[in-house]
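Participant: Mind looking over this structure? Questions follow.
What follows is calculated from the coordinates using simple rules that are stated; it is not laboratory data. Computed from a prediction, not measured in an experiment: that's the story for all the values here. FYI the Cβ positions are ideal-geometry reconstructions off the backbone, even for glycines, and counts take in every protein chain you see.
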Amino acid sequence: MSIPPLKELRKTADILIFDLDGTILDSLNVWNQVDIDFLGKRGFEVTPEYTETITKLCVRDGADYTKKLFGLTESPEEIMQEWNDMVEEYYREHILLKDGAEEYLIRAHKEGFRLAAATALDRAHAEPCLARCGVLELFDTVITLDDIGTRADKSDPAIYIRAMEEAGGTDPGRAVVFEDVPMCIDGARAGGFMTCAVYDAIGIGQNDWDYVSARSTFAMRSMVDQA
């Protein structure tokens with residue numbers, strides 16, 4: 001079902017937890033291009049299976065996975081540094097919020113929701129980008145997979161539980177997780193959270209959208225005019 005207006009949602013929820021890439025940040029094309037360029041210069045192609053897996057991993061685990069999958073000679077640290085060099089400028093200077101996201105976050109804050117971010121991004125990319133976009137101060141907390149520990153990914157609800165707790169919550173049933181990747185939505189559901197599937201042509205294609213919108217508590221095609 002479509003997510004209700006924030007004033008109505010406030011009756012059943014206290015905390016809103018947002019993924020960043022593809023949910024409120026218009027950034028997934030950047031990561032796709034990094035994957036294409038990084039693997040392409042080594043003679044490999046990006047497959048849908050690779051994209052699906054690496055999307056839900058923290059950066060360190062993604063580097064380990066990439067090294068093992070393609071038999072790369074570089075160390076995980078060298079892979080991460082190359083990725084970091086490729087994306088740092090984008091997050092610092094170029095990536096923007098998705099249409100309607102700023103207005104939605106501002107209105108949610110005014111309605112009294114506590115806001116949290118739960119992201120696979122490095123903090124060094126996430127917080128400067130949110131600050132440049134003018135919304136960092138709206139969040140009570142920003143939690144990254146690195147805060148959860150090695151081998152963590154977003155198919156496990158631990159990151160959402162941590163974000164809820166850091167935002168002052170104790171009941172997952174009073175929190176909504178906004179995500180654009182099916183496995184992450186399933187992870188939040190496993191933790192007892194309400195979920196809102198957010199459409200993104202890269203994160204959730206049409207086939208996945210039909211699947212996750214049916215399994216999620218709520219769904220939204222766009223944040224425009226949703227507040």
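Participant: Taking the Cα centre of the range 42-171 as origin and charging only Cβ (+1 Lys, Arg; -1 Asp, Glu), how large is the dipole, in debye to the nearest 20? Write down the numbers at each step before the final one.
Facilitator: Values: 15 positive and 28 negative charges, 43 e Å.
Roughly 200 debye for the range 42-171.
Participant: Return, for the Cα atoms of the chain, the radius of gyration and Dmax in Å, separated by a comma.
Facilitator: 16.9, 54
Participant: Label L96 and Q81 with points 7 Å out from Cα along Cα→Cβ: what is the distance between them in nm?
Facilitator: Between L96 and Q81, the simple spin-label model gives 3.5 nm.
Participant: Please list, by residue number, everything in the range 88-125 whose backbone N is under 14 Å from a paramagnetic label point 7 Å out along Cα→Cβ of D37.
Facilitator: 88-95
Participant: Here is a follow-up. Suppose each label sits 7 Å from its Cα in the direction of the beta carbon; what would the D210-T170 distance come out to in nanometres?
Facilitator: Going by the 7 Å Cα→Cβ label model, 4.4 nm.
Participant: Please name whichever of P172, I36, V87 sits farthest to the positive end of the charge dipole of the chain, dipole taken about the Cα centre and charges placed at Cβ: Lys and Arg +1, Asp and Glu -1.
Facilitator: P172
Participant: Continuing with the same structure: For the range 1-106, what is the number of Lys pairs with C-alpha distance below 21 angstrom, counting only pairs 8 or more positions apart or on separate chains?
Facilitator: 5
Participant: Oh, and also: Over the alpha-carbon set of the range 50-168, work out the extent along each principal axis and list the three values in angstrom, largest first.
Facilitator: 51, 31, 20
Participant: Okay, moving on. Name the residue, out of G191, G22, G71, whose mean-square fluctuation peaks in a Gaussian network model built on the chain with Cα pairs under 10 Å.
Facilitator: Greatest mean-square fluctuation among the candidates belongs to G71.
Participant: Another one. Over the alpha-carbon set of the range 28-94, work out the extent along each principal axis and list the three values in angstrom, largest first.
Facilitator: Computed over the range 28-94, the largest-to-smallest principal extents equal 33, 24, 23 Å.
Participant: Between Y65 and V224, take the C-beta separation as r, use R0 = 30 Å, and let me know the FRET efficiency to the nearest 0.05.
Facilitator: Working from the Cβ atoms, E equals 0.30.
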